[in-house]
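Inspection log for the structure reproduced underneath, given as structure tokens.
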Amino acid sequence: MIVVRTVSELRAALSDRRGGAIGLVPTMGALHEGHATLLRASRAQDDTVVMTIFVNPAQFDEQSDLAAYPRTEDADLALAEREGVDIVLAPDAAEVYPPGFATTVSVTGPIAETLEGAERGRGHFDGVATVVTKLLLAALPDRAYFGAKDAQQVAVIRRLVADLAIPVALVICPTSRDADGLARSSRNTRLSPEERTRARAIPHALQNVTDAAAAGISDPEALRARAVAVLEASGIRPEYVALVDPVTFAPVARVDGPVLVAIAARVGSTRLIDNTVLGGA
Ligand code: AMP
């Protein structure tokens, strides 16, 4: 495994590997089993696996969140090596945003402006879209891997890849969960033991909605209220519980096709997100 710090070093490392398939797994580091599932998916079908580690300042709306974001590069490189990664690009902020940098890739409309876009501000998905575009252009992979846990991020990336005709296949990997159902996240390490227990209410709320929809409840407001009740019973007041179209992120009037149920909530000071899709999409 080689570790490079610049886009030109990455391109040089990839120059004699273009005959085979290249997979790209973008991350912000603090790697866990959820990231490992993406790396394994790439390892299973690509000749070269490229992983990036970059805590992207542009997508953080809160400086305190950026400052507190875990940085564990040595452990990340060890995990990458175990999972068979070939090349790691771990640039610093000046490499990604050199002096004079003035370009923003901005996806507009509900997929970027509602839910996470509304809570975290316009800049969040602009930051995501810009850095992902830059990483895709740096590596020019055949496939790029993203997690379904960040459903709105997936929708934004699908949109920009289609709109800019970037020649890459997107592979979306299912959310990897701990044994008690909590979605794995780099932020989970910030939860106290008591908060960690309460956080289980998030997957419980999603399961409750899934069961209720399977039992025939199709009114989104009734389903939403069930999720909120489960969360509140554990002392969690959600930032949002939303039932939306998984592609457009428009609210749904009835649950009769695929519907994304998305939750964002703070448990203590840690902000967690999770989602599930009703209707088997
Ligand atoms: P991050 O380092 O949080 O930016 O995540 C890097 C990639 O890993 C993103 O595509 C995430 O959606 C994905 N990811 C993070 N957590 C999980 C998880 N629990 N299950 C599946 N994918 C995940």
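The values are calculated or read from the model by the stated rules, or taken from the named source; none is laboratory data. Being a predicted model, the structure only gives us computed values, none of them experimental. In this analysis, Cβ positions are derived from the backbone assuming ideal geometry, glycine residues included, and neighbour counts consider all displayed protein chains. Only protein heavy atoms, including side chains, enter the accessible area calculation; ligands, DNA and RNA are left aside. Shrake-Rupley method; radii C 1.70, N 1.55, O 1.52, S 1.80 Å.
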Worksheet item: How many angstrom lie between the C-alpha centres of region 27-66 and region 224-281?
Response: 24
Discussion item. Rg over Rh of region 2-173, using C-alpha atoms and the Kirkwood radius, what does it come to?
Written reply: 0.94
Fill in: Qualifying GluC sites (Glu not before Pro) for region 18-107 [loop in DSSP, other Cβ within 10 Å: at most 13]
Glu62
Worksheet item: Which whole-number percent is the relative contact order of region 236-281 (Cα, under 8 Å, 6+ apart)?
Response: 38
Worksheet item: Label-point separation (nm) for Met1 and Asp163, each offset 7 Å from Cα along Cα-to-Cβ?
Response: 3.5
Discussion item. Test of understanding: in a Gaussian network model of the chain with alpha carbons linked when under 10 Å, which of Ala78, Ala144, Ala265 would top the mean-square fluctuation ranking?
Written reply: Ala78
Worksheet item: In a GNM of the chain with a 10 Å cut-off on Cα contacts, which of Thr27, Thr103, Thr72 has the highest mean-square fluctuation?
Response: Thr103
Worksheet item: Per residue, how much accessible area does the chain have with a 1.4 Å probe, in Å²?
Response: 44
Item to complete: Please check which bits of region 169-186 a label hung off Asp211 would reach, taking the label as a point 7 Å along Cα-to-C-beta and the cut-off as backbone N under 17 Å.
Response: 180-182
Response to the item:
Dividing the helical contributions, -39500 (n - 2.57) per DSSP H run of n ≥ 4, by the residues of the chain yields a 222 nm value, nearest 500 deg cm²/dmol, of -12000 deg cm²/dmol
Discussion item. Give me the percent of accessible area attributable to carbon and sulfur for the chain, probe 1.4 angstrom.
Written reply: 54
Discussion item. Relative contact order for region 186-273: what percent, with Cα pairs under 8 Å and sequence separation of 6 or more?
Written reply: 30
Worksheet item: If you keep only loop residues by DSSP, which trypsin sites (Lys or Arg not before Pro) in region 1-54 have at most 13 other Cβ atoms within 10 Å of their Cβ?
Response: Arg5, Arg18
Worksheet entry | Taking the chain and dividing mean pair separation by its residue count, relative contact order in percent (alpha carbons under 8 Å, at least six apart) | 17
Response to the item:
If R0 = 51 Å, then Ala12 and Arg266, at their Cβ-Cβ distance, give a FRET efficiency to the nearest 0.05 of 0.70
